[in-house]
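Just below is one structure, and these are the notes that go with it.
The values are calculated or read from the model by the stated rules, or taken from the named source; none is laboratory data. Model, not experiment: these values are computed from the prediction. Here Cβ is always computed from backbone atoms with ideal geometry, including for glycine, and neighbour counts include all displayed protein chains. To get the accessible areas, we keep the full protein, side chains included, count just its heavy atoms, and leave off ligands, DNA and RNA. Shrake-Rupley method; radii C 1.70, N 1.55, O 1.52, S 1.80 Å.
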Amino acid sequence: MFEVVNGVYHERRERIEPATGATAERMVKRLNELADHPVGHAVRRRPRTVQPRPRRPAGADPPVPVPRGGGPLPRAAPASLPPSCDEAASVVIELPSPGPSALARWFPGGAPGLAALPEHVIATGGGRWWADRAVAPKAVAVSSGDHLLLRGDPGALNPDALARFAGSYVEAPARFLPFLGAAFQRIDPWERMVYVRSAAATGARPAHGVTVRRLTPGDAPAVVALGPGAAWIHRTWGGPERLASSGLCWGAFHRGRALSLACTYFLGSRYEDVAALAALGHRRQHLALACVSALCQDIEARGRTASWTCSRDNRPSRLLAWSAGFRLTREYVHYATGPARIPALHKPQAA
């Protein structure tokens with residue numbers, strides 16, 4: 001068993017359920033507001049106005065209190081689909097990697113966090129491209145690991161075409177939400193936070209005998225030995241061998257065993273989004289912090305800036321980010337998709 005320090009959303013059993021009080025209408029409005037802004041754009045909060053509380057008439061029944069405790073985040077009821085969906089593409093086809101000019105039309109580069117995913121797929125090949133058609137597509141998607149970005153006109157896709165993306169984390173404009181709701185039995189909105197490294201890191205002091213160093217191709221077996229619970233960290237690279245050979249991963253080792261890893265999760269042109277994990281039983285030993293600090297120095301030497309993305313409810317990841325010198329820059333929301341209403345004809349292969 002391993003503790004996921006960054007990216008706890010990859011391990012759904014680790015998710016901290018928000019309070020049921022989050023089902024208030026204002027939370028639904030906030031999630032929709034975040035969904036309207038694509039990744040890479042800051043979301044400004046509107047000034048809060050305090051409304052006077054209405055007086056309850058004498059003899060009226062008291063209001064029903066909102067229960068406390070765990071519960072899923074709310075999701076707005078999906079709007080009715082346009083009639084054009086019946087004539088839209090019922091499948092999505094895989095495309096070869098596009099050039100930078102084609103990428104700029106759909107996914108502007110140079111932004112931190114998840115926005116670096118398309119550039120990562122082009123640079124490393126650790127992902128796949130999809131579209132409703134091969135020539136002049138109207139809707140496109142790019143996936144890496146468990147993450148998917150959707151852009152374009154959702155009316156060009158039949159909801160059945162999205163079935164292959166069950167069990168993914170989807171970031172898309174709000175206009176795609178009715179189609180996601182029609183394609184999957186469940187969609188859970190998760191608020192995410194993007195940090196950029198702009199301050200000095202807290203000093204890390206690993207225990208005696210622990211070595212923090214860059215991974216080499218020979219360290220692939222040590223990455224595999226971390227177990228299936230740590231597989232998410234190399235999924236965007238296409239496997240442990242490719243991650244160990246990338247030169248963009250640092251680890252804390254003791255007698256040949258990897259205790260903690262920090263790597264570039266998404267490799268962008270200006271930003272490198274960082275992910276980290278620590279083996280269970282080796283938490284609070286400054287291992288993850290030492291690995292992240294070494295990786296960030298390496299990123300700066302390459303002329304790029306390190307970013308960090310995590311769930312709003314992942315307090316350990318937020319504390320680690322702050323200790324490593326990351327500061328919050330923006331928020332967005334992505335959606336965890338459940339089982340497809342109609343199973344996909346062809347299940348996508350792992351990138």
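Brief remarks follow.
- For the stretch 113-213, the square roots of the Cα gyration tensor eigenvalues, ordered a ≥ b ≥ c, give a/c of at least 1.5 with a/b greater than b/c, which places it in the prolate category.
- Spin-label pair Arg283/Arg205, simplified geometry with 7 Å Cα→Cβ offset, distance in nm: 2.2 nm
- Length-normalised contact order for the stretch 148-201 - Cα pairs under 8 Å, 6+ apart - percent: 38 percent
- Label-to-label distance for Gln297 and Leu328 is 3.0 nm, based on points extended 7 Å past Cα in the beta-carbon direction.
- Cα gyration tensor category, rounded, prolate or oblate, for the stretch 209-320 with a/c compared to 1.5: rounded
- Euclidean distance of C-alpha centroids, the stretch 225-240 and the stretch 157-173, integer Å: 23 Å
- Converting phi to 3J(HN,Hα) with the Karplus coefficients 6.51, -1.76 and 1.60 and the offset θ = phi - 60°, the stretch 165-171 yields 9, 4, x, 10, 10, 9, 10 Hz in sequence order, with x at every glycine or proline.
- Estimated FRET transfer efficiency when R0 is 22 angstrom, pair Ser97-Asp153 (beta carbons, to 0.05): 0.50
- Accessible area per residue in Å² at 1.4 Å probe, computed on the stretch 232-351: 42 Å²
- Between the amide H of Leu157 and those of Ala89, distances stay under 5 Å, these residues lying 5 or more places away or on another chain, with hydrogens modeled in the peptide plane.
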